[in-house]
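The values are calculated or read from the model by the stated rules, or taken from the named source; none is laboratory data. Remember, it's a predicted structure, so these values are computed and weren't measured experimentally. Positions of Cβ are generated from backbone atoms using ideal geometry, with glycine treated the same way; all protein chains shown enter the neighbour counts.
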Amino acid sequence: MKMSPASYLPLILGVIVLGIPACSKKAVRSGGDTQALQGEMAKGGTAKEGTGSSFPDTSFSGRDDSNSLRGLDRNPSEERLSGNGSGAGNQGGTGHSNAVIAKADSGAAARQLAEIRAEQVASVSAGLRDVFFTYDSFSITDEGRHALSGDAEWARSNPYAQLKIEGHCDERGTSAYNLVLGEKRAKAVRNYLVELGVTPTHLSVVSYGKERPFCTEHTESCYSQNRRGHLVVKTGK
Amino acid sequence: MTFRAVVFVGLCVSIGIAWIIESGAADVFLEATRPDFQKIPLGIAGIENMGGSESPEGRVKLGTRIEDVLKADVRRSLVFALVDLPSFGIKVSHLGAEPDASFKQAAENGVSVIVWGKAGIKSGSKDTDLSMDGYVYDTGSNEVVGGKRYVGSTSVARLMAHRFADELVFRYTGEPGIARTKIAYVSELGTARELFVMDYDGYEPRQLTADGFLNLMPRWSPDRRFLVFTTYRNRNTQDIDMIELATGKRWTLVAQGGLNITPALSPDGKALAYSSSHEGNAELYRLDTHTKAVQRLTTNAAGDLSPSWSPSGRELAFTSDRNGGPQIFLMSADGSNVRRLTFDGDYNAAPAWSPRGNWIAYVCRTPKKEYKLCVVTPDGQKHLQLTTGLGVDDSPSWSPDGRHLVFSSTVDGKSQIYMINADGKDLERITFSGTHNSAPSWSPAS
């Protein structure tokens, strides 16, 4: 096995124990928002300004020489190689500098899972129904309209609830374009809910493209589950 | 030929000339890029196992391991044809600092270069100090043209082979070689997707992020110090972050709300092109990494995404669904002169402009609704499908020498990472473990 799994095996096992979602356990993979306020505060003004202002200048003029080849030599002098690291080769010496290996931060993963689960519980108890799409499409079907009329009714009778609409795609197509398609699906759902009288400021959208599938088999029945507008009750502060 | 095509050919020629001037050995470089370039026949006589050459794992001796890595690197260079010396009538009896008597027969048997060496634990040093000597014999001049001596811990045995392979490529082509390049990619850990970096041959994977949610589509900075990528902050907003590989330090580059995806730094590192939907739908923007000023490049009601810079930095290829399904378009780096590049099929996306400038790779949907790799020339005159069969192919990324592509595919079930030559030959799987590896991005050369 090429990719030594030893470093992240504990994390994988941990997640398996917590329950990897099968196709039917869709809600484990839904998202959440409990960190939104903290996140906005942490970002400070950057979110409003649009871009971060303090990242390094990445302009590049010429190759870095520290890692460059020295050529063959009839009487070669000793070349010391160090750390087969990340490829950031500007740390001196002829080797590669060591990349930081992220610690398997079970804290972050566990917190994310706990927040996702809280949203799952809230969404299930609200009885929200998802919307399914046909291949390549972001048009809401008659069945989808029926589901959304119930969701809209719940939203109107729970005026303090914040709803998040996740756009999902099946695995066919590129990751990048599916993020755009997922956003179109999520926005189609939002727009229809607004037509049904839900206050726009109570709705937010996010696209997960094909990155958080509900089901991972390569079959049409699985694909059709993944082409989805998934409604989630935000449980964060 | 249209005016535009003439301009383009002129641009290619000038890029080629600039590249030749940059490389140290213009004469041999010209040889290696000629369309009729014949691979140089090279034999590896062996990397002899010296004292204490048992590897820490105990099974394969260090010299043998270095030899195996070197052979794979030489084969993938596509500069050399790796020949089996015994079958060319060359029976090596002794490997020392001097060429074996049998090497003299090599020239008449059609072998141009013979490489050999030795590796073992250096005597009188720390017991983990590995030493490797490599020699290069040129049959044309009938002499040892040079060698290398590497020392380091046993953990850098593979790097010794990679570095020696790149020296060989550099000696015969003036190009730096790809054996020391890296591939950044996304790997699934539980329900999260995190950034990793591995050697170009799939070994030595290293985890870079541990956020517990989604990090997507990394791209290298031209100096190889940073990756830019999409991160889901608080699971609800997609921001574009940058991470420094040596330290793990992170910065937020774009946090505008909405979709913020497919970042790509220009070849000079001075601009970041990306797609954002914060003004309504996905449009392309350009961020000056020095002044931090943002310029909007596209304006229409459709999705524009996946910018890929031409090697000159003057043009961008990108995906747009302004005509219905996604297609590949080109435009100048200031957003002017937009024109559609692909017309075959109803789905073409994820363009990647070759570092040599002559091809743009992308994902094409076939009439059977399979997602495969295609390439097209920037003038649109010539296009080829590189992969066939089952599985969804995605995220093509070029090697810095323009001879290979790396991409993800579900051809074997789960998404894994594969390498293929630019002509569609030598498909090779390079990741084997985990539930999902995707979005490979090949580093620049050093």
Could we say that B:Thr231 is of a type outside the set (D, E, K, R), surrounded by fewer than 24 Cβ atoms within 10 Å (Cβ to Cβ), in a strand (DSSP E or B) and more than 15 Å from the chain's Cα centre (by Cα) here?
yes
Taking the range B:335-365 and keeping residues more than 14 Å from every other protein chain (Cβ to nearest Cβ), under 27 Å from B:Asp401 (Cα atoms) and not basic (Lys, Arg) leaves B:Leu341, B:Trp353, B:Ser354, B:Gly357, B:Asn358, B:Trp359, B:Ile360
Taking the condition under 20 Å from B:Ser312 (Cβ atoms) and in contact with a strand residue (DSSP E or B) (Cβ under 8 Å, 6 or more places away or on another chain), does B:Ala255 pass?
no
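Tally time: how many residues in the range B:106-130 are part of a loop (DSSP other than H, G, I, E, B), crowded, with 22+ Cβ neighbours inside 10 Å and at pLDDT 90 or above? Walk me through it before giving the result.
Of all residues in the range B:106-130, those part of a loop (DSSP other than H, G, I, E, B) come to B:106-112, B:122-128.
Now restrict to residues that are crowded, with 22+ Cβ neighbours inside 10 Å: B:106, B:111.
Filter again for at pLDDT 90 or above, leaving B:111.
The qualifying residues number 1.
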Picked from the range A:178-225 (must be in a loop (DSSP other than H, G, I, E, B) and polar (S, T, N, Q)), the residue farthest from the other protein chains (Cβ to nearest Cβ) is A:Thr199
Name the single residue, out of those in the range B:418-446 being more than 10 Å from chain A (Cβ to nearest Cβ) and closer than 21 Å to B:Val197 by Cβ, that is surrounded by the fewest Cβ atoms within 10 Å (Cβ to Cβ).
B:Glu428
Residues of the range B:245-303 satisfying the condition of being among the polar types (S, T, N, Q) and facing chain A (nearest Cβ under 7 Å)
B:Thr247, B:Thr252, B:Gln256, B:Thr262, B:Ser277, B:Thr289
Would you check if there is a residue in the range B:84-92 being small (Gly, Ala, Ser), free of Cβ contacts under 8 Å to residues at least 24 places away in the same chain, at positive phi and touching a helix residue (DSSP H, G or I) at 6+ places or on another chain (Cβ under 8 Å)?
yes
Unique match (being among the β-branched types (Val, Ile, Thr), at the interface with chain A (Cβ under 7 Å from one of its Cβ atoms) and surrounded by fewer than 24 Cβ atoms within 10 Å (Cβ to Cβ)) among B:Val151, B:Val197:
B:Val151
Can you tell which of B:Arg158, B:Arg180, B:Arg171 is among the charged types (D, E, K, R) and either surrounded by 24 or more Cβ atoms within 10 Å (Cβ to Cβ) or farther than 30 Å from B:Ile420 by Cβ (or both)?
B:Arg180
All positions within the range B:234-252 that are in a strand (DSSP E or B) and not aromatic (Phe, Trp, Tyr):
B:Thr237, B:Gln238, B:Asp239, B:Ile240, B:Asp241, B:Met242, B:Ile243, B:Glu244, B:Arg250, B:Thr252
Determine whether the range B:187-209 contains at least one residue that is closer than 21 Å to B:Gln416 by Cα, in a strand (DSSP E or B) and among the β-branched types (Val, Ile, Thr).
yes
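So that you can scan it fast, the table gives a plain yes or no per residue for (1) among the acidic types (Asp, Glu); (2) crowded, with 24+ Cβ neighbours inside 10 Å:
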residue: B:Glu244; (1), (2): yes, no
residue: B:Leu272; (1), (2): no, yes
residue: B:Leu316; (1), (2): no, yes
residue: B:Pro326; (1), (2): no, yes
residue: B:Phe343; (1), (2): no, no
residue: B:Asp346; (1), (2): yes, no
residue: B:Ile360; (1), (2): no, yes
